[in-house]
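Remarks on the structure that follows.
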Amino acid sequence: MGKMDSISEGSPLGSEKIVPVAPPLPGPTTSSYHYHQKELMMNGSNLSGYSCVSTATIDLWERLFDEGYRADVTIDTENGGIIYAHTNILGMASPVMKGMLKKLKGRGRQQSISIRGVPNDAVRVFIRFLYSSCYEKEEMEEFVLHLLVLSHAFVVPQLKQECVRQLEQGLLTMENVIDIFQLALLCDAPRLSFICHRMIMRNFIAISATEGWQAMKQSHPFLEKELLESLIYEENRQKERIRKLNERRIYLQLYEAMEALVHICRDGCQTIGPHDKDFKANQVPCRYAACKGLELLVRHFAGCKLRVPGGCVHCKRMWQLLELHSWLCTNSNVCGVSLCRNFKERIRRQSKKEEIKWTLLVEKILRTKTIAGAPFF
């Protein structure tokens, strides 16, 4: 028993069992795998799934391209350059190359295709992307335009999208925007052409002084004409927008003046109102911003010696506001605004031309406030 007691006291067999802490899962810095979620499609419906690609796999494809192991096709480039590749990979990555290789089938063991008109290094970057979807940042910055052309010519949409993204995020400048704009039109890149067009419109004076603009002027005068027409259209549209904003501001001011006029005549205001209305000492300030301006106009109207339409500019404005109110008022019998009923009678005797003018003004005021035909007050 003593021996067993000593075991139970000193040995870990007799103590409570301790579970070791599990090691942390490998993170993106320690793991050799790129682990990301993606959407899978099956029969038109989305399925949740995951893709796990190791860096070793990417390195394997890179080595296969660099070493040209068992390459069965050569690509002839500018200045006698030769790039070794594999027909299966090229055919799967590009439908255009697949068609080219089909035509060469049966003409011998070593097949050859030609890609000329672009630098040898640009073609190498392009073929490397077909293998591993990878590129060096410096190579992309140097050959982005060549890669855009190659991706369009050989129908590689992933590379085309990447070229557009790189141009959009910083490679597009005022010096090269004209060249890239022309290239985007040729390569059917609508987003890139739109971005270039917007940049040209916003910086037209500076861009029109560049060498790219002068070269385009000589080689593609019709494109220069279209850009100038677009510039005129944009300027006219901007002027129209400013004009409509100014009109809307005027209609809003008229609406606020009508509200303040009804407020003054019906409810009374802290500074101006019916003569029989007493104001409390602790009354809050008026919430109608137009009341102060109307106060000066009403006080002038009440004390003006002329007070006839056309005799005084300020009185004429007051008459116009009262007439506008009568057009907007839905019930002059209960309206507290002065002369509302008199103007209602006058409206019935107005000419068709005057009626159309006031009707259009009222419609624009109501449309500005989106009242949609509801009672104004």
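Restricting attention to the range 169-186, does a residue exist that is touching a helix residue (DSSP H, G or I) at 6+ places or on another chain (Cβ under 7 Å), small (Gly, Ala, Ser) and part of a helix (DSSP H, G or I)?
yes
Applying the selection to the range 69-86, what residues are open to solvent by 30 Å² or more (accessible area, probe 1.4 Å), in contact with a strand residue (DSSP E or B) (Cβ under 9 Å, 6 or more places away or on another chain) and either of a type in the set (Gly, Ala, Ser) or in contact (Cβ under 8 Å) with a residue 24 or more places away in the chain (or both)?
Listed by number, the residues that qualify are ASP72, ASP76.
Condition check ((1) modelled with pLDDT under 80; (2) assigned to a helix (DSSP H, G or I); (3) outside the structural domain of VAL362 (by the TED database); (4) exposed (fewer than 10 other Cβ atoms within 10 Å of the Cβ)) across all residues:
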site: GLN238; (1), (2), (3), (4): no, yes, yes, no
site: ARG243; (1), (2), (3), (4): no, yes, yes, no
site: LEU254; (1), (2), (3), (4): no, yes, no, no
site: ALA257; (1), (2), (3), (4): no, yes, no, no
site: VAL262; (1), (2), (3), (4): yes, yes, no, no
site: CYS265; (1), (2), (3), (4): yes, yes, no, no
site: CYS269; (1), (2), (3), (4): yes, no, no, no
site: ILE272; (1), (2), (3), (4): yes, no, no, no
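If I filter the range 96-110 down to residues being exposed (fewer than 12 other Cβ atoms within 10 Å of the Cβ) and of a type outside the set (Gly, Ala, Ser), which single residue comes out as farthest from ILE127 (Cα to Cα)?
Within the range 96-110, the match that is farthest from ILE127 (Cα to Cα) is ARG107.
Test GLN218 against the criterion of being more than 21 Å from LYS137 (Cα to Cα), in a helix (DSSP H, G or I), open to solvent by 50 Å² or more (accessible area, probe 1.4 Å) and without any contact (Cβ under 8 Å) to a residue 60 or more places away in the chain, and give yes or no.
Answer is yes for this residue.
Which residues, taken from the range 343-377, are surrounded by fewer than 13 Cβ atoms within 10 Å (Cβ to Cβ) and either modelled with pLDDT under 75 or of a type in the set (S, T, N, Q) (or both)?
Scanning the range 343-377 gives SER351, THR359, THR370, ALA372, GLY373, ALA374, PRO375.
The values are calculated or read from the model by the stated rules, or taken from the named source; none is laboratory data. Being a predicted model, the structure only gives us computed values, none of them experimental. Every residue, glycine among them, receives a Cβ derived from its backbone with ideal geometry; neighbour counts consider all protein chains shown. SASA here: full protein model, heavy atoms, side chains in, ligands and nucleic acids out. Shrake-Rupley method; radii C 1.70, N 1.55, O 1.52, S 1.80 Å.
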